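The values are calculated or read from the model by the stated rules, or taken from the named source; none is laboratory data. A quick note: this is a predicted structure, and the numbers were derived from the prediction, not measured. Heads up, the Cβs are rebuilt from the backbone with ideal geometry, glycines too, and the neighbour counts pull from every protein chain shown. Calculation scope for accessible area: heavy atoms of the full protein, side chains included, ligands and nucleic acids excluded. Shrake-Rupley method; radii C 1.70, N 1.55, O 1.52, S 1.80 Å.
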Amino acid sequence: MVNINEKATDFELQDAYNKTHRLSDYRGKTVVLYFYPKALTSGCTKEADDFRDNYEILKELNAEVIGISGDKPETLKKFIEKENLPFVLLSDTDYSVCKTYEVYVKKSMYGKTYFGIERTTIIIDKEGIIRKIYRKVKVNGHVQDVINSIKSMEV
């Protein structure tokens, strides 16, 4: 189980430019780890744009934004370039990290069930401890909630 006040599981994934990133590389910073269903779709674009538009505020709070989806690196590269995203997007094509963080779940749409990524944000403190988990995220106002949570965390 992924629980608040427990150590976040380290992982290793490739970014849009095939560079390897590990969660442990970000120790010493607050990490906003957000999982989203699919790059270049309307809801995921709005969420990414909200993180982009508030990126400077998050940086001032010593926070790093990392997005994870099942998209291939080349799709992530298009997404970053199209939306001018200043943060890292990671490719989890086999959903191994999504499964570890319990965001790869059974979903239902139009009477059909399938597995996919549940929009989720996890705030991890500078020591690597999970401090907040937002499940089934509604995009509108979400980034402001994340900022408020980081501001209220003990530093």
How do 110, 104, 34, 26 rank by accessible surface area computed with a 1.4 Å probe, from largest to smallest? 110, 104, 26, 34
Given the options 93, 116, 43, identify the residue whose Cα lies farthest towards the positive end of the charge dipole of the range 1-136 (+1 on Cβ of Lys, Arg; -1 on Cβ of Asp, Glu). 116
Below 8 Å, C-alpha to C-alpha, sequence gap of six or more: please give me the relative contact order for the chain in percent. 31 percent
Skipping prolines and chain starts, which residues have an amide H placed within reach, meaning under 5 Å, of the one on residue 107, given they are 5 or more residues away or on another chain? 114, 115, 116
How high is the relative contact order of the range 1-49, given as a whole-number percent (alpha carbon pairs under 8 Å, six or more residues apart)? 18 percent
Near residue 51, within a Cβ-to-Cβ distance under 13 Å, what is the net charge of the other residues, with Lys and Arg +1 and Asp and Glu -1? -4
Under the Karplus relation with 6.51, -1.76 and 1.60 and θ = phi - 60°, whole-Hz ³J(HN,Hα) for the range 6-12, x at Gly and Pro, equal 10, 5, 6, 5, 5, 8, 9
Asserting the computed 222 nm helical MRE of the chain (DSSP H runs at least 4 long, -39500 (n - 2.57) per run, divided by residue count, to nearest 500) equals -8000 deg cm²/dmol
Debye, to nearest 20: dipole size of the chain, +1 on Lys, Arg Cβ, -1 on Asp, Glu Cβ: 480 debye
With θ taken as phi - 60° and the coefficients 6.51, -1.76 and 1.60, list the Karplus ³J(HN,Hα) couplings across the range 123-129 in order, rounded to whole Hz; mark glycine and proline as x. 9, 10, 6, 5, 8, x, 9
Could you point to the label whose value was computed as Cα extents along the principal axes in Å for the structure here, given (i) 53, 43, 30; (ii) 44, 34, 31; (iii) 66, 37, 28? (ii)
Students sometimes get this wrong: rank 151, 107, 132 by accessible area, probe 1.4 Å, all chains present, largest first. 151, 132, 107
Can you check what the net charge comes to around residue 113, using other residues whose Cβ is under 13 Å from the Cβ of residue 113 (Lys, Arg +1; Asp, Glu -1)? +3
